[in-house]
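Below is one structure, written out as structure tokens; the observations come after it.
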Amino acid sequence: DSLGFPQLPAAPGFTFASDDSFSKTTSRLALDYYWDAPTGTSLDSLLGYAAVSTGFKSGGYNAIAFGNPVVLQTVYGPETNRTYELGVKTDWLRRTVRVNAAAFLTDTDNLAANATVSSAFGPAFPVVNVGDARIRGLELEASATPLRGLTLFANLTWQRGRYGSLIPGSAPVIARATFRRAELPQLPDLAGSAGFTYSTLAG
């Protein structure tokens, strides 16, 4: 064509019909304890909590088939998880400084992830269910207001993830066989950010 892009052959026609429904009721149970510190101490208040919650991500279809009927006909199931969390939230120095910390553990069943599939029309990356996974980590958040209108903030997260039981033939199983290791995607061991905001009212 005029832009110089290669022309691919037309994909063969095929049809696919499926009737699937995905639904789930999620829940959260939390217990907390609030302590208002005595006047004259640097600590103003403390909130400790423990929580258990469930999550759900719907299943779906791979509508972009790239000429591969197998990809189009791959219906992936819903992903569910259970998260356990312990944490504390504190205010200091007349509530000008806030420090929060939490530890968490998440168990995921039927994890949905991308796989790589080859076809005559190039590679495709369908979403498929690969098995179970567990993620654990620690989070630390801090913010301070040293001046009126100025807020400084920073957060740091440490986390580790590993696969549990995997579906035979899934991408992590192939990765383990080929490279002797399979890691959860998009899960850095350490992540953090820092910044500030400043606001003022026009006089």
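The set of residues from segment 169-189 being touching a Gly at 6+ places or on another chain (Cβ under 9 Å) and not charged (D, E, K, R) comprises Ser170, Pro172, Val173, Leu184, Leu187.
Scan segment 11-40 for residues that are modelled with pLDDT of 90 or more and open to solvent by 80 Å² or more (accessible area, probe 1.4 Å) and the total you get is 12.
Only a single criterion out of (1) closer than 27 Å to Phe16 by Cα; (2) buried (at least 17 other Cβ atoms within 10 Å of the Cβ); (3) without any contact (Cβ under 8 Å) to a residue 60 or more places away in the chain is not satisfied by Ala124, namely (3).
Tell me yes or no: at least one residue of segment 65-78 is assigned to a strand (DSSP E or B), surrounded by 15 or more Cβ atoms within 10 Å (Cβ to Cβ) and of a type in the set (A, V, I, L, M, F, W, C). Even if it seems obvious, please write down each step before you answer.
Initially, segment 65-78 is screened for residues assigned to a strand (DSSP E or B), giving 75-76.
If we keep only those that are surrounded by 15 or more Cβ atoms within 10 Å (Cβ to Cβ) as well, we get 75-76.
Those still in the list that are of a type in the set (A, V, I, L, M, F, W, C) too: 75.
Yes, because at least one residue in segment 65-78 is assigned to a strand (DSSP E or B), surrounded by 15 or more Cβ atoms within 10 Å (Cβ to Cβ) and of a type in the set (A, V, I, L, M, F, W, C).
Identify, please: which residue in segment 158-170 is part of a strand (DSSP E or B) and not aliphatic (A, V, I, L, M) and is, among those, surrounded by the fewest Cβ atoms within 10 Å (Cβ to Cβ)? The qualifying residue surrounded by the fewest Cβ atoms within 10 Å (Cβ to Cβ) is Ser165.
Rundown of residues vs (1) touching an Asp or Glu at 6+ places or on another chain (Cβ under 9 Å); (2) on the phi > 0 side of the Ramachandran plot; (3) not β-branched (Val, Ile, Thr), yes/no style:
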{"position": "Asp91", "(1), (2), (3)": "yes, no, yes"}
{"position": "Arg95", "(1), (2), (3)": "yes, yes, yes"}
{"position": "Asn100", "(1), (2), (3)": "yes, no, yes"}
{"position": "Ala103", "(1), (2), (3)": "yes, no, yes"}
{"position": "Ala112", "(1), (2), (3)": "yes, no, yes"}
{"position": "Phe125", "(1), (2), (3)": "no, no, yes"}
{"position": "Ala133", "(1), (2), (3)": "yes, no, yes"}
{"position": "Leu166", "(1), (2), (3)": "yes, no, yes"}
{"position": "Pro188", "(1), (2), (3)": "no, no, yes"}
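Residues in segment 81-118 that are open to solvent by 30 Å² or more (accessible area, probe 1.4 Å), more than 12 Å from Ala51 (Cβ to Cβ) and part of a strand (DSSP E or B): Asn81, Val88, Lys89, Trp92, Val97, Arg98, Val99, Ala101, Asp109, Asn110, Asn114, Val117.
For every residue, the table says whether it meets (1) farther than 30 Å from Gly59 by Cα; (2) open to solvent by less than 40 Å² (accessible area, probe 1.4 Å); (3) not in a strand (DSSP E or B).
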| residue | (1), (2), (3) |
| --- | --- |
| Arg134 | no, no, no |
| Glu139 | no, no, no |
| Thr151 | yes, no, no |
| Leu156 | yes, no, no |
| Val173 | no, no, yes |
| Leu184 | no, yes, yes |
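Filter segment 41-64 down to residues that are in contact (Cβ under 8 Å) with a residue 24 or more places away in the chain and hydroxyl-bearing (Ser, Thr, Tyr) and give me whichever is least open to solvent (accessible area, probe 1.4 Å).
For segment 41-64, the residue satisfying everything is Ser45.
All of Asn110, Asn114, Asn100 fail the test of being among the polar types (S, T, N, Q), out of contact with any Leu (no Cβ under 8 Å at 6 or more places or on another chain) and at pLDDT 95 or above, apart from Asn110.
The values are calculated or read from the model by the stated rules, or taken from the named source; none is laboratory data. Not measured: the values here are computed from a predicted model. So basically every Cβ, Gly included, is an ideal-geometry build from the backbone, and we count neighbours across all protein chains shown. The area values use the complete protein model at the heavy-atom level, side chains included, leaving out ligands, DNA and RNA. Shrake-Rupley method; radii C 1.70, N 1.55, O 1.52, S 1.80 Å.
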